[in-house]
1. Could you list, in sequence order, all residues of the range 276-287 that are within 19 Å of Val253 (Cβ to Cβ) and without any contact (Cβ under 8 Å) to a residue 60 or more places away in the chain?
2. How many residues, within the range 124-157, are part of a strand (DSSP E or B) and touching a Gly at 6+ places or on another chain (Cβ under 6 Å)?
3. For the range 172-185, which residues satisfy the criterion of being surrounded by fewer than 19 Cβ atoms within 10 Å (Cβ to Cβ) and either touching a helix residue (DSSP H, G or I) at 6+ places or on another chain (Cβ under 6 Å) or in a loop (DSSP other than H, G, I, E, B) (or both)?
4. If you check Pro307 against the conditions, is it within 30 Å of Pro190 (Cβ to Cβ) and open to solvent by 50 Å² or more (accessible area, probe 1.4 Å)?
5. For the range 285-303: of the residues being open to solvent by 70 Å² or more (accessible area, probe 1.4 Å) and closer than 16 Å to Ser204 by Cα, which is modelled with the lowest pLDDT?
6. Has the range 221-237 got any residue that is modelled with pLDDT of 90 or more and in contact with a strand residue (DSSP E or B) (Cβ under 6 Å, 6 or more places away or on another chain)?
7. Assess whether Ser274 counts as being closer than 25 Å to Val151 by Cβ and either modelled with pLDDT under 90 or out of contact with any Phe, Trp or Tyr (no Cβ under 9 Å at 6 or more places or on another chain) (or both).
8. Could you please let me know if Glu120 is more than 20 Å from the chain's Cα centre (by Cα) and open to solvent by 40 Å² or more (accessible area, probe 1.4 Å)?
Amino acid sequence: MRRAFSALSLFGLALAQEAHRVAITHPFSPVNRETNHLLVWVLVFSVLIFGVVAGALAYIAWKFRARPGQQGEPPQIHGNDRLEVIWTLIPVAIILILFGLTARALIQVNKPIPGAMKVEVTGYQFWWDFNYTELGFRNSNELILPAGVPVELEVTSKDVIHSFWVPGLVGKQDAIPGQKTRIRFVAEKPGNYYGFCAELCGPSHARMLFRVLVVPKEEFDRFVEAAKGYTPPVADARGREVFQQNCVACHSVQGKMPPAVIGPELGFVGNRVSLAAGIVDNTPEHLKAWIKDPASMKPGTKMPGFPQLSEEDLDALVRYLEGLKVEGFDFRALPKF
């Protein structure tokens with residue numbers, strides 16, 4: 001009884017998380033629809049082959065079963081050229097069909113999209129940088145995109161091989177040091193899409209997450225206009241001083257302070273839905289814990305801890321960082337995929 005109750009509880013939890021599941025079957029981009037189309041064909045052939053093989057096995061086991069009183073082996077049949085040709089040609093035909101469908105899908109998802117918005121994506125241990133070169137601003141760990149607009153990402157890495165993957169929108173693309181690879185897609189439905197590093201890259205590989213925040217085009221255009229004329233607000237003057245004394249060697253704030261790429265860009269950190277490359281929600285408590293001891297949350301991170309900061313300075317710094325945002329945008333309300 002207890003086992004049945006536990007199983008039902010787990011099933012209920014699984015159903016409760018259904019709306020937030022991460023899956024390549026979400027049909028919210030042309031790339032995933034092409035992938036789903038291929039999966040359907042593979043599933044059809046898999047079921048067909050399984051049915052034929054299992055059916056033949058069951059039929060043969062029943063047809064040639066030992067009869068009561070039967071002695072010795074039954075008559076043996078050796079070779080059947082026609083049957084051997086048939087069961088060779090059928091798999092070849094299936095492979096050729098799947099090859100043709102795959103080639104068609106690859107051509108569709110990899111062809112250039114005229115007028116696509118370009119974003120430079122750079123992987124670091126263990127975070128992501130998104131540089132909107134054409135629009136004039138940067139963001140880290142959260143890629144903000146307009147719904148229904150073609151996007152071309154130029155992916156690379158500054159240290160080891162990473163892999164950019166957003167299951168709900170597009171397939172994997174390796175981020176290779178010294179090389180630039182491209183990935184193209186259209187995010188059609190607004191939402192908060194979970195992204196992952198899909199290549200083992202160090203002790204915090206599993207914590208190298210990110211978000212793709214897809215918003216209506218009108219909202220994205222408003223964000224871009226605000227980002228172009230962005231002046232970092234000062235929610236706490238003491239916090240700004242603490243930031244300048246401890247953080248500017250590694251972090252930039254939209255070029256208004258000395259730019260650096262050792263650590264993530266912090267210009268819009270107050271707008272983010274997550275912290276530490278997607279591993280925790282963006283709350284003052286999490287931000288405070290991250291500043292004091294980041295290694296406890298993300299082993300291998302290059303960010304040092306600041307346990308020497310007083311509680312007053314730490315609270316002031318958190319208030320300052322929370323104030324680094326464009327007002328009027330709440331990405332937390334987006335549905336999760």
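The values are calculated or read from the model by the stated rules, or taken from the named source; none is laboratory data. Computed from a predicted model, the values in this text were never measured in an experiment. Counting neighbours? That spans all protein chains shown, and the Cβs are built from the backbone with ideal geometry, glycine included. In case anyone asks, the SASA skips ligands and DNA or RNA and just uses the protein heavy atoms, side chains included. Shrake-Rupley method; radii C 1.70, N 1.55, O 1.52, S 1.80 Å.
1. The first filter runs over the range 276-287 and keeps only residues within 19 Å of Val253 (Cβ to Cβ), leaving 276-277, 282, 284, 287.
Once the filter is applied, which keeps residues that are within 19 Å of Val253 (Cβ to Cβ) and without any contact (Cβ under 8 Å) to a residue 60 or more places away in the chain, the range 276-287 yields Asn282, Pro284, Leu287.
2. Going through the range 124-157, the residues part of a strand (DSSP E or B) turn out to be 124, 127-132, 137-140, 142-146, 150-157.
Still in the running and touching a Gly at 6+ places or on another chain (Cβ under 6 Å): 157.
The qualifying residues number 1.
3. Ile176, Gly178, Gln179, Lys180
4. no
5. Residue satisfying both the conditions and the ranking: Lys302.
6. no
7. Here the answer is no, as Ser274 does not meet what is asked.
8. Values: more than 20 Å from the chain's Cα centre (by Cα): no; open to solvent by 40 Å² or more (accessible area, probe 1.4 Å): yes.
In short, no.
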